[in-house]
Structure formats: C-alpha cells, structure tokens
1. From the residues in the range 379-396 that are open to solvent by 60 Å² or more (accessible area, probe 1.4 Å) and modelled with pLDDT under 85, which one is nearest to the ligand (Cβ to nearest atom)?
2. Cβ contacts < 7 Å: first residue under 27 Å from residue 450 (Cα atoms), restricted to the range 397-416; second residue assigned to a helix (DSSP H, G or I) and more than 8 Å from the ligand (Cβ to nearest atom), any location; separation 6+ or different chain. Result?
3. When you check residue 369 against the structure, is it acidic (Asp, Glu) and either within 16 Å of the ligand (Cβ to nearest atom) or open to solvent by less than 40 Å² (accessible area, probe 1.4 Å) (or both), yes or no?
4. Are any residues in the range 412-430 of a type outside the set (A, V, I, L, M, F, W, C) and under 13 Å from residue 467 (Cα atoms), and if so, which ones?
5. Identify, by number, the condition in (1) touching a residue at least 12 places away in the same chain (Cβ under 8 Å); (2) outside any helix (DSSP H, G or I) that residue 449 doesn't meet.
6. I'd like the full set of residues that are open to solvent by 30 Å² or more (accessible area, probe 1.4 Å) and in a loop (DSSP other than H, G, I, E, B), limited to the range 19-69.
7. Can residue 303 be described as open to solvent by less than 30 Å² (accessible area, probe 1.4 Å) and either more than 19 Å from residue 27 (Cβ to Cβ) or in the same structural domain as residue 173 (by TED's automatic domain parsing) (or both)?
8. What is the residue count in the range 72-86 for residues that are at pLDDT below 90 and open to solvent by 60 Å² or more (accessible area, probe 1.4 Å)?
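The values are calculated or read from the model by the stated rules, or taken from the named source; none is laboratory data. What you are looking at is a predicted structure, and each value in this text was computed from that prediction instead of being measured. Here the Cβ is made from the backbone with ideal geometry for all residues, glycine too, and neighbour counts use every protein chain on show. These area figures cover heavy atoms from the full protein model, side chains too; ligands, DNA and RNA do not enter into them. Shrake-Rupley method; radii C 1.70, N 1.55, O 1.52, S 1.80 Å.
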Amino acid sequence: MSGEVLINLTPMETRVAVVENGVLQEAFIERSRRRGIVGNIYKGKVVRVLPGMQAAFVDIGLERAAFIHVNEVVAPDSPQAEPASISHLLHAGQSLVVQVTKDPIGSKGARLTTHLSIPSRYLVYMPDSPHVGVSQRIEDDAERERLKTLVASGQAELADEQQGGFIIRTAAEGVGREELLADIVFLQRLWLRVAERRISAPTPSPIYDDLPLFVRTLRDVMRDQIEKIRIDSRENYFKLKEFAREFMPTVESCIEYYPGERPIFDLYSVEDEIQKALGRKVQLKSGGYLVIDQTEAMTTIDVNTGGYVGHRNLEETIFKTNLEAATAIARQLRLRNLGGIIIIDFIDMEELEHQRQVLRVLEKALERDHAKNKLTGVTELGLVQLTRKRTRESLEQTLCEPCPTCHGRGTLKTPETICYEIFREILREERAYSPETYMVLASQSVVDRLLDEESAAVADLESFIGKTIRFQVEAHYSQEQYDIVLM
Ligand SMILES: [Zn+2]
C-alpha cells in the first residue's frame with residue numbers, strides 16, 4: 001500500500017488529507033480563529049500581587065494581564081508542602097514561566113498555572129512531576145500496568161538526566177512500545193527546546209505554543225506507508241522541513257513543496273470526496289448505496305441495493321453489495337471521523353457463509369483505522385454493532401451546524417401542513433380577540449398554496465368568522481415560519 005499526505009494551507013484554515021492507494025481516507029480541518037492559547041507557555045512577569053485574593057497578575061505579552069491563583073503556583077523548594085501565601089511565592093517584577101489554562105474572554109484575562117505540561121499523541125510530559133500516571137479512561141488493569149511499565153522503562157532507557165513524569169493518555173490504549181518510545185523522545189526533545197528558551201527568551205514572550213495542525217498531523221499520521229507529503233505553502237514547507245529534521249529525521253526527505261497550478265485538493269478528487277463525506281448517501285460501485293445518519297447517541301448505517309435486482313441472482317447481488325459496503329463503511333468511519341456506537345444494517349443474507357465473509361471483510365478494513373475500534377457483535381435482527389473511539393470532532397461537526405430551518409430533523413413540514421396550522425391559529429385568535437381583519441405573513445410556497453389549492457378552504461374560513469384574511473409573502477421566511485397579524 002502507498003500513502004500520501006496533502007497539506008492545504010490558507011491563513012484561515014489548515015486542511016490535511018491522507019490518501020491511500022489514490023483514495024482519500026482521512027481529512028483533518030482546523031480553522032485558525034478557533035485556536036486559542038490554552039496550553040501555550042510564556043515567560044511572563046508578575047505585575048501585581050493580590051494578597052487578599054491569594055493571586056497575582058502576570059504580564060505575558062497579551063493585551064490584558066493574565067491571572068494566577070496561589071494553588072497554581074509551584075513552590076520552588078517544597079512542592080508537597082502546605083499552600084504558601086502568594087506574597088511569599090511571588091513579588092512584582094519577578095519573571096515567571098507560566099502555562100495558559102483558560103483563554104482570555106472579553107474583559108477577563110487568561111488564567112495561568114506554573115504546573116507545566118506538554119502533550120504529544122499518547123503522552124503528556126510534566127517536567128515538575130516525578131510520577132507516571134495512566135488516564136482513568138483506560139479501565140483494563142493489565143493494560144494500565146503494561147503501559148506504565150513501558151513508559152517507565154522507556155524513560156529510564158532514554159533519559160540521561162532528564163526528570164519529570166508522564167501521563168499516559170487514553171489514545172495510548174493498545175499502542176506498542178515503538179510508538180510510545182517515539183513519543184517520549186519527541187517530548188524530551190521538545191522540552192529541551194522549551195528549557196533553552198526559558199533562559200534565553202526575553203520577558204514577556206511565548207516560549208512554547210502547541211504545534212500548528214499541519215505539524216501535529218505530520219506527527220500523528222506519519223506511518224511507514226506514507227511515502228510523500230506535499231504542502232502548498234512555501235513558507236510552511238520550510239517550517240515543516242525544519243520540524244522534521246529536528247524531531248522526525250526519517251521523514252524529512254518525503255516532504256515536497258507543491259507549487260501546482262491546480263489546487264492541491266483537486267489531486268485525487270480530495271475536495272469532492274470531502275463534500276461527499278458530508279452527505280447522508282454514499283454511492284457504491286455495484287449500484288447499491290449506504291445511508292449514514294449521525295445522531296447524538298449513535299451513528300446508523302443502512303446498506304441498500306440499488307434499484308431493481310433480478311430475483312435469480314438476488315442472494316449473489318446482495319452478497320456483493322454487502323462486501324463492497326463493508327469496505328466502504330470502514331472508509332467512511334475514518335473519513336467522517338465518526339465515534340461512539342455504530343450500528344450497521346447490512347442487507348439480509350440467507351447464507352451463513354456469506355454473513356461470515358462480510359463480517360471478515362469489515363474487520364479487515366477496520367484494522368487499517370488508527371482510531372481504536374471494536375466489533376461488539378451481531379444482534380438477533382442481524383444488525384452489526386461496533387464502537388469507535390471518539391477523538392476530535394467529526395468532519396460534519398467541524399464543517400456544519402444544525403440546520404435552523406428543520407432544527408436537525410432533516411425534513412420540513414409541508415406547505416399543506418403549515419396552511420392547516422395557520423387555519424387553526426386563526427380560529428384560536430378569533431375566539432380570543434376577534435380582531436377586524438387578519439394578515440398572514442408566510443413564505444412564498446405557503447402563500448402560493450393558500451391562494452391556490454387551499455383557496456376554497458380560505459373562503460370557507462372567511463365566511464365562518466365573517467372577516468377577510470389577507471396574505472403577504474415574506475421572502476426571507478423559511479417554509480415553516482409564519483406570523484398572523486391582527487388588525
Ligand atoms: Zn434542514
């Protein structure tokens with residue numbers, strides 16, 4: 001298998017596509033304005049100590065001074081001791097290395113801590129802590145023990161004088177020794193760089209910020225089968241090269257600048273594939289299709305044969321469609337980054353052997369997924385259930401918002417339904433207020449219907465209440481929206 005990473009950079013947005021054998025498999029998208037400063041480390045300067053609040057203001061070079069509470073200040077000599085008073089720990093003018101825990105909002109400055117931590121894919125490095133801990137969300141005791149031992153021994157093996165502890169993140173579950181060691185090396189190199197800047201950098205200034213998406217992605221998706229990385233920004237091409245040289249030397253030679261005339265995401269139809277990954281329906285080559293529905297509780301995937309299928313080869317056609325669907329589903333889960341419970345409704349198959357083969361193909365295809373997933377069984381109704389680890393937002397959550405017109409239902413009330421709602425509402429108003437006339441403001445399609453198909457009903461209603469009803473199109477109203485004005 002051959003893999004390629006395409007990186008599309010604009011000032012507003014970073015998009016990364018992972019293509020395997022010419023087919024888009026994963027997409028990562030990040031908008032610049034959503035990136036806060038949480039996690040960034042600054043060399044700051046204490047500007048004011050507030051003994052009454054047991055807190056201090058620290059200038060970290062932002063518009064507003066940031067805030068730190070005494071509990072977030074590591075006492076240099078005795079980290080385990082009783083919380084000291086802020087005025088013993090800090091004084092105005094002192095320089096202080098801090099990490100942002102909360103973004104500034106409105107008139108409130110950022111919140112800070114001096115308990116520093118730097119995350120990588122599987123680990124979080126804490127220079128001031130001596131411990132190795134495991135995320136609570138890894139529940140299996142044997143797995144917790146395995147990870148702890150691996151990290152502790154890896155650290156002992158690699159570190160010369162380096163101190164500090166690690167938290168093993170949930171994503172590390174099931175991950176092998178090599179990958180964990182690579183993460184430890186990565187973090188130690190990164191920390192050395194921060195430690196240097198801690199001394200050399202001016203005050204106030206940033207000394208560490210979370211890696212930009214294209215660099216993080218490189219770190220996270222880089223695997224043996226990736227042969228080429230193309231990036232369409234010259235400036236960031238050099239940055240990426242530099243990062244690779246320092247942290248992932250074997251990768252450096254794979255990185256290429258893409259100056260192409262065609263947009264980089266036109267390669268392998270990546271742009272089209274991203275658009276398609278937002279739709280409910282996925283067309284299969286065999287003529288069948290998938291329907292994917294994402295709800296808060298779970299994702300359901302329905303497999304369908306396309307159109308008419310001759311009854312002679314029915315079982316065979318269904319089998320083929322299900323096989324194709326199994327591969328397509330695994331790809332869609334990755335591409336859309338769907339997490340949580342996933343229920344697949346394959347087309348019913350008579351033959352047990354066919355059922356087994358479809359499941360095997362699905363399992364095989366899921367093996368290539370880097371998010372942890374698990375086939376949890378086949379229900380009595382033949383539904384296949386699996387779980388996939390939720391990592392970041394799904395593609396849809398990143399790119400879309402609930403439709404304000406249908407409020408996420410996916411369907412709208414018909415103009416007919418709205419007309420009848422309007423009639424009922426007029427009767428209700430009539431009883432309550434009995435105004436002189438009524439004016440109905442509604443969308444074009446609803447007014448059209450009132451004046452055409454429903455005109456007889458309108459006439460009946462007018463004679464029943466003994467008043468005229470006027471209609472007015474409100475061009476910006478959605479189909480379900482209307483107002484009844486009493487005059
Ligand atoms: Zn809608």
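1. That would be 393.
2. Pairs that qualify, where the first residue is under 27 Å from residue 450 (Cα atoms) and the partner is assigned to a helix (DSSP H, G or I) and more than 8 Å from the ligand (Cβ to nearest atom), are 415/445; 415/446; 415/449; 416/449.
3. Spelling it out, residue 369 is indeed acidic (Asp, Glu) and either within 16 Å of the ligand (Cβ to nearest atom) or open to solvent by less than 40 Å² (accessible area, probe 1.4 Å) (or both).
4. Selection gives 429, 430.
5. Just one mismatch for residue 449, condition (2).
6. 21, 22, 35, 36, 37, 38, 54, 61, 62, 63, 64, 65
7. yes
8. Residues meeting the conditions: 6.
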